[in-house]
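Q: The structure is given below, and queries will be raised subsequently.
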Amino acid sequence: MKILIDTNRIVAALIKEGTTRRILLDDFFEFVTPDYTLEELKEHRDELKRKIKLTNEEFDLLLALLFGRITIIKKSEFKTFLDKCKNEISDPDDIPHLAACLATKAEGIWAHDPNFKEQNKVKVFTNIDMLRISEKAKSD
């Protein structure tokens, strides 16, 4: 099942070994995210490293592990959807995610950001939703 992952879910998986990281490593899901996510993570890299108390090497290794499960969608692949999404969501940082979700025909966006609830173009999944979907798939 293809799901677009919001930057904040990646940050949550970086910060703590818990539910978010477990979902991200679940083979049932195929995760995608816009290349804009890399820019956001780069912008907050030092802050994240301090917060989780990792060296550069440890941080890069964890990031590589997580991004081994995420396909990066280049702007050229979702560029035509950006204008369509501008009026759908109030946070400009969320527009690339919505556009990439539409461009890749993902089932929805995995996010806890309330701004995604403003739009009605794609489904929004929380951790609880993702766990339910995974458990249902495994029981079928």
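The values are calculated or read from the model by the stated rules, or taken from the named source; none is laboratory data. Nothing here was measured: the structure is a model prediction, and the numbers come from that model. We place every Cβ from the backbone using ideal geometry, glycine too, and count neighbours over all the protein chains shown.
Q: Please work out if F78 is at pLDDT 95 or above and either more than 24 Å from N127 (Cα to Cα) or over 12 Å from the mean Cα position of the chain (by Cα) (or both).
A: yes
Q: Something else now. Report yes if I89 is modelled with pLDDT under 95 and either under 22 Å from I3 (Cβ atoms) or touching a Pro at 6+ places or on another chain (Cβ under 9 Å) (or both), otherwise no.
A: Here the answer is yes, as I89 does meet what is asked.
Q: For the range 84-110, which residues satisfy the criterion of being of a type in the set (D, E) and surrounded by 20 or more Cβ atoms within 10 Å (Cβ to Cβ)?
A: D94
Q: Please note which strands (runs of 3 or more DSSP E) are completely contained in the range 57-140 and include at least 2 residues that are under 12 Å from P34 (Cα atoms).
A: Where strands (runs of 3 or more DSSP E) fall fully within the range 57-140 and carry at least 2 residues being under 12 Å from P34 (Cα atoms), they are 70-73.
Per-residue answers, yes or no, for (1) at pLDDT below 95; (2) over 15 Å from T126 (Cβ atoms); (3) of a type in the set (S, T, N, Q):
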| position | (1), (2), (3) |
| --- | --- |
| R9 | no, no, no |
| L14 | yes, yes, no |
| G18 | yes, no, no |
| P34 | no, yes, no |
| E39 | yes, yes, no |
| K74 | no, yes, no |
| L98 | no, yes, no |
| C101 | no, yes, no |
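Q: Moving on to the next point. Go through the range 78-97 residue by residue and tally those that are among the aliphatic types (A, V, I, L, M) and either under 16 Å from I10 (Cβ atoms) or in contact with an Asp or Glu (Cβ under 6 Å, 6 or more places away or on another chain) (or both).
A: The total comes to 1.
Q: Still on this structure, I have one more. Condition first: free of Cβ contacts under 8 Å to residues at least 60 places away in the same chain and among the acidic types (D, E). Can you find one or more residues in the range 103-112 that meet it?
A: Checking the range 103-112: not a single residue is free of Cβ contacts under 8 Å to residues at least 60 places away in the same chain and among the acidic types (D, E).
Q: So which residues in the range 101-123 are more than 12 Å from F81 (Cβ to Cβ) and charged (D, E, K, R)?
A: E107, D113, K117, E118, K123
Q: From the set of residues in the range 111-123 that are farther than 23 Å from S76 by Cβ and polar (S, T, N, Q), which is surrounded by the fewest Cβ atoms within 10 Å (Cβ to Cβ)?
A: N120
Q: Go through the range 12-56 and count every residue that is in a loop (DSSP other than H, G, I, E, B), of a type in the set (D, E, K, R) and in contact with a strand residue (DSSP E or B) (Cβ under 6 Å, 6 or more places away or on another chain).
A: So the answer is 1.
Q: Let me ask something else about it. Of the conditions (1) aromatic (F, W, Y); (2) crowded, with 16+ Cβ neighbours inside 10 Å; (3) touching a Ser or Thr at 6+ places or on another chain (Cβ under 9 Å), F28 fails just one. Which one is it?
A: If we test F28 against (1) aromatic (F, W, Y); (2) crowded, with 16+ Cβ neighbours inside 10 Å; (3) touching a Ser or Thr at 6+ places or on another chain (Cβ under 9 Å), just (2) comes out false.
Q: Report the residue count in the range 60-108 for those that are among the aliphatic types (A, V, I, L, M) and closer than 23 Å to E47 by Cα.
A: Adding up the residues that qualify gives 8.
Q: R45 versus (1) farther than 30 Å from A137 by Cα; (2) touching a helix residue (DSSP H, G or I) at 6+ places or on another chain (Cβ under 6 Å); (3) in contact (Cβ under 8 Å) with a residue 12 or more places away in the chain: which is the lone unmet condition?
A: Here R45 clears every test but (2).
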